[in-house]
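Undergrad: I'd like to ask some things about the structure below.
The values are calculated or read from the model by the stated rules, or taken from the named source; none is laboratory data. Quantities reported herein were computed from a predicted structural model and do not represent experimental measurements. No Cβ is skipped: glycine too gets one built from the backbone with ideal geometry, and neighbour counts run over all protein chains shown. For the accessible areas, the whole protein counts, side chains as well, though only heavy atoms, and no ligand, DNA or RNA atoms are used. Shrake-Rupley method; radii C 1.70, N 1.55, O 1.52, S 1.80 Å.
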Amino acid sequence: MTDIKAVLRAQHIETPSWAYGNSGTRFKVFAQKGVPRDPYEKLADAAQVHAHTGIAPTVALHIPWDKVDDYADLARHAREAGVGIGAINSNVFQDDDYMLGSVTHPSARVRRKATDHLLECVDIMDATGSDTLKLWFSDGINYPGQDDIRARQDRLAAALAEVYERLGEGQRFLLEYKLFEPAFYATDVPDWGTAYAHCAKLGPKAQVVVDTGHHAPGTNIEFIVAFLLREGKLGGFDFNSRFYADDDLMVGAADPFQLFRIMYEVVRGGALDDGRDERSTEPAGEDAGGAALRRVAFMLDQCHNIEPKIPGQIRSVMNVQEATAKALLVDREALSAAQAEGDVLGANAVFMDAYNTDVRPLLAELREEMGLAPDPMSAYAKSGYFEKIAAERVGGEQAGWGA
Ligand code: LRH
Ligand code: MN
C-alpha cells in the first residue's frame, strides 16, 4: 500500500513567475496593488506559496520578462527566500521580427536570432542551476498558402537539433504544443503528436510538456498523459483550466474531475513515486542527470487577471494536491479486478469512490504534520504579507507580460 502521505509530502509543484505579475486579455490588463516590479519580488511572492503549502519549492522563469544582470545572484536570492529556480521559459513570440514565425520564419536572419535566444536560455540554465528549458513556439500561419507547412517543419527541426546539442549533462528541453492562437490557420507545433515526433527523433533530453489549456474542446488529455508516460516522453505539465480556449484559469477550477483523471494516470504511470529526489531546492547535480530526465515537472501556467495572485497560486497548488490525494486513494487492486472481469459499473464505481472522497481533512492533517497551518488560504490572509507588499511596492513599474 503506497504511503499516501509520504508521496503527498514529496509532491513538488512549480509556480510561474508571470502569475505574480499583471496579466489580462487583449481587451484589458487590470493592475493590482502590491504587484512585483522585478524578478526578485516575484520570487519573494512565490516563496509565500511554498511557505504556506510546503509543496511549491521552485519557480519557473520567463525570459526576458525575468531578465536580470546576474542570474547566479537571482538564484542565490531565491534560495535565501526558500525556493529554487525551475524551468527557464524562452520567449520568441513578442518581437516584431517574429510576425511570420521565429525558428520557422522564411528568413534565415530571423531564424538565427530566434535560435540564439533559445541558446541564451541554456546559458541562463547554467547560471541558475536549472535543468529544464521550456520551448513554446507561437509560430504558425493565418491563411492557406501563406507559407510552406513542410518547409516550416524542416526549419523547426533544425533549430531544435541545435538546441539539443547545446544541452549539458542532466539538462533537457520540454517542447510545448498548442492547437491555435496566436496563429489561426496552422500552428507549427499544434498537438502532442507533432511535439512527440520531434522529441522522439532527437533523443532522451527532449520531452513533451502538456499544457492543459492547449487542446481542442473534447480532447481526452489523460489519454495523452498515459501514452506519453508509457513512452517516457512526458516531461511535464503546464497546469491551468479553461471553459473555452486557452483561458489560463486556476487549475481544477473549471474541471476538477478532469484534473483527477489526469493525476490518476500520473500515479498509475509511476510519475509520482520517484519524486523524492527532487525535493531539495538545490540545483540538480550531475548525478541527478537520470533523475532530472525522469522527473515529470508539475508546473502551473496561469494568469490571475481579476483575482489576487498569491492566494490564486495557493488555491491552485491546493487543487492539484487534492486531485493527487484522490488519485492516490483509488483502490488499484479492486479496480484491476473489476477491469479484468469486465465489470464496467464496478470498475467505474471504484474510480468514482476515490474522486468522491473528501480529502481535505487528510491534507489538513498532513500540513500540520509538516509544521504548517491546516488551511493555507486563511494562514496567508492572516500573515499580513499582502498588506506589507501593498504598502511597500509603491512606484516603479509593475511586472507584466511586457507585450
Ligand atoms: C503559451 C503558454 C506558454 C508560455 C506562455 C506564458 O500559451 O502556455 O507556456 O510561454 O503561455
Ligand atoms: Mn503553457
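Undergrad: In nm, what is the difference between 0.36 nm times the number of residues separating VAL344 and SER107 and their Cα-Cα distance?
TA: Full extension of this stretch gives 79.8 nm more.
Undergrad: I'd like the accessible area for ARG367: 1.4 Å probe, protein heavy atoms, all chains in place, Å² to the nearest 10.
TA: 10 Å²
Undergrad: Among the aspartates and glutamates, which fall within straight-line cross-link reach of LYS42, defined as a Cα-Cα distance under 12 Å, with same-chain neighbours fewer than 8 residues apart omitted?
TA: ASP66
Undergrad: While we're on this one: What number comes out for accessible area per residue over the chain if the probe is 1.4 Å? Units Å², please.
TA: Accessible area per residue: 43 Å².
Undergrad: Where in the stretch 345-380 does the amide nitrogen come within less than 15 Å of the point 7 Å from the Cα of ASP3, taken along Cα to Cβ?
TA: Answer for the stretch 345-380: 366, 369-370.
Undergrad: Next up: Which of these, ASP375, ASP331, ASP66, has the largest mean-square fluctuation under a Gaussian network model of the chain (Cα springs below 10 Å)?
TA: For the chain, modelled as a Gaussian network with Cα springs under 10 Å, the answer is ASP331.
Undergrad: Tell me, in nm to one decimal, what length is gained between TRP401 and ASP123 on full extension, where the rule is 0.36 nm per residue of separation less the Cα-Cα distance?
TA: The span from TRP401 to ASP123 would gain 97.9 nm if fully extended.
Undergrad: In addition: Can you say what percent of the DSSP beta bridges in the chain, counting only those with both residues inside, are antiparallel? Round to 5.
TA: 10 percent
Undergrad: Dipole of the stretch 1-84, Cα-centred, from +1 at each Lys and Arg C-beta and -1 at each Asp and Glu C-beta, to the nearest 20 debye?
TA: 360 debye
Undergrad: Calculate how many DSSP beta bridges within the stretch 10-113 are antiparallel, expressed in % of all such bridges and rounded to the nearest 5.
TA: So the antiparallel bridges amount to about 10 percent of the total.
Undergrad: Then there's this: LYS178: which lysines have alpha carbons under 18 Å from its alpha carbon, excluding same-chain residues fewer than 8 sequence positions away?
TA: LYS134, LYS233
Undergrad: Cα-based Rg (one decimal) and Dmax (whole number) for the stretch 1-85, in Å?
TA: Taking only Cα atoms of the stretch 1-85, I get Rg and Dmax of 14.9, 51 Å.
Undergrad: Here's something else I'd like to know. Got a sec? Which residues in the stretch 83-121 would a label at ALA158 touch, if it sits 7 Å along Cα→Cβ and we count backbone N under 14 Å?
TA: 102-116
Undergrad: From the convex hull of the Cα coordinates of the chain, what is the mean projected area in square nanometres?
TA: With the hull built on Cα positions only, its mean projection is 19.8 nm².
Undergrad: I need the shape label for the stretch 15-138. Rule: rounded when a/c is under 1.5, else prolate if a/b > b/c, else oblate, with a, b, c from the alpha carbon gyration tensor.
TA: Cα axes put the stretch 15-138 in the oblate bin.
Undergrad: Over the chain, what percent of the accessible surface lies on carbon and sulfur atoms, probe 1.4 Å?
TA: Roughly 55 percent, rounded to a whole number.
Undergrad: Of ALA349, ALA44, ALA325, which has the largest mean-square fluctuation in a 10 Å C-alpha GNM of the chain?
TA: Among ALA349, ALA44, ALA325, the largest GNM mean-square fluctuation belongs to ALA349.
Undergrad: Looking at the square roots a ≥ b ≥ c of the eigenvalues of the Cα gyration tensor of the stretch 145-278, which shape do they give, rounded for a/c under 1.5, prolate if a/b is larger than b/c, or oblate?
TA: Oblate shape, in that a/c is at least 1.5 and b/c is the bigger or equal ratio.
Undergrad: Using 0.36 nm per residue of separation minus the Cα-Cα distance, give me the extension gain between ASP38 and SER383 in nm, one decimal.
TA: Gain on extension, ASP38 to SER383, equals 122.0 nm.
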